[in-house]
1. Compute the acute angle (0 to 90°) between the alpha-carbon long axis of helix 579-588 and the principal axis of greatest extent of the alpha-carbon atoms of the chain; round to the nearest 10°.
2. Beyond 14 Å, what percent of the Cα pairs of the stretch 198-256 remain?
3. Once label points are set 7 Å from the Cα along Cα→Cβ at both residue 552 and residue 460, what is their separation, rounded to one decimal in nm?
4. Sorted by packing (mean other beta-carbon atoms within 10 Å per residue), highest first, where do 271-280, 450-459 land?
5. Using only the alpha-carbon atoms, how far is helix 334-349 inclined from the longest principal axis of the chain? Give it as 0 to 90 degrees, nearest 10.
6. Scaled to the compact-protein estimate 2.2 N^0.38 Å, what is the alpha-carbon radius of gyration of the stretch 475-566, rounded to two decimal places?
7. In Å, the Kirkwood hydrodynamic radius of the stretch 223-286 over pairs of distinct alpha carbons?
8. Using square roots of five times the C-alpha gyration tensor eigenvalues, list the equivalent-ellipsoid semi-axes of the stretch 195-333 in whole Å, biggest first.
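Please treat every number below as a calculation from the coordinates, not as lab data. What you see is a predicted model, and the numbers here were worked out from it, not measured in a lab. Here the Cβ is made from the backbone with ideal geometry for all residues, glycine too, and neighbour counts use every protein chain on show.
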């Protein structure tokens, strides 16, 4: 274990360097004074037009980011340094008329500070997201790539790609791999390190609250997740792993974006149970979505959001295992696991869209959400919540029908085996086929019921098979009449479902910029926490004051909460459960020790 503030350390020297032929050569210079990244691409000699494009979206985040808007000062030269004409035929594309006499170099700038996933006033660090930074050569995304970074003296360059021999230079076998390796650099990074399964893992703490993070605990939590999940999968399919953390002051909560050998996470300094599940979720993605994946999730079409009905599995079932594995490996107790079950159940049953949108459709139609801009949650209802519950239902049903001979674990491992080692992704019906393979022919209709059709999921029926049930009782609360979620288009919280006291006051598309005088225009995580805090402390009859952005107008509005009623749910043991049900539950929630992979 090591924890230190970095002052000029070449991380490429810590790992045996590798080299690979590079067809597309990228150079990134960080201009800290002007807040810019200057990017150059050197493309092998080719006569005729050469087109490059900037992605419209970022894998893992199913929403249009419009990264082309950040691109400025595009120019091109030939091998002799002579200027080449550049045209801009559409918003994502730039075309150069190459002479064929040596390589073509294309240069452009993008704003450095705008590329961090989570906004922060701290200027001591920079996160570079690949899809928002690197253009690709049309028709040549499968070519080898090399990227080098020119950063201010003393700034480390942290990313998961294999290092080349030159300082701060790295190689990737394709554009997809290059774009999926975010970079952390800056003058104020704190870096922790551990070794597991013969691979180096780095924890990079950045952000204004980084010094408030309990370094021993975050190191312990990351090591636990790495060891438990590599044991579950039986492999560690990466050369090195980087945890890119941007810390913010809060007791719990966080959010992240998965990558092939790393993750970007907003990290609450309180390191509560919520952030533990985020760590587990993002690391599980190494196998489930980054390797095992639908066909449309690699190789990627970066201009159009993908259409797959399997996000309920690759996000929701990932979340299911992100809670199940900490329980199985002894980190969580019954209460914590079952709280996550009821949290997902509450989210689904409180959303009437469950009766019209299936888990498959919530996934497949995500590009229709947010007025055709997409989101990272689902169409009308969350594929995270739906998928969590689908995973539970399928897991128990397979175990019940096979008397614990098979489980959802077998489906997950079979999917991974089909896709690992750069094999193509799976077809849309593959998960159904595997459920039938391991659970028997009856699993086909059951799969269709819970995944393909809208309606109530059979949670109580499935829990009864393992000697559990969900008790419910009514609870009064102050209903504010609307929901809200962080907006990626404007600073603030975008209004979601509107009902009751919100009717006639708020409109679809409104963006909240403050509530009761508290700003919601900071980073997404703190804005979300501020909104939740005001929502949960609202009182019946006491108006909430809102500042709302509606189109190009700023409005001052108020909504007066009314008394509402909701069901409170808790998972309890069925005292009349049969011995067979108890045995099934014991196998489902068994606690095991980790394998031989121990942190060094």
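1. 10 degrees
2. Counting every Cα pair in the stretch 198-256, those more than 14 Å apart make up 62 percent.
3. Once both label points are built, they end up 5.4 nm from each other.
4. By packing density, highest mean first, the sequence is 271-280, 450-459.
5. 90 degrees
6. Details: Rg = 12.2 Å, N = 92, 2.2 N^0.38 = 12.3 Å.
Its radius of gyration relative to the 2.2 N^0.38 Å reference: 0.99.
7. Computed over Cα pairs of the stretch 223-286, the Kirkwood hydrodynamic radius comes out at 12.0 Å.
8. 24, 18, 15
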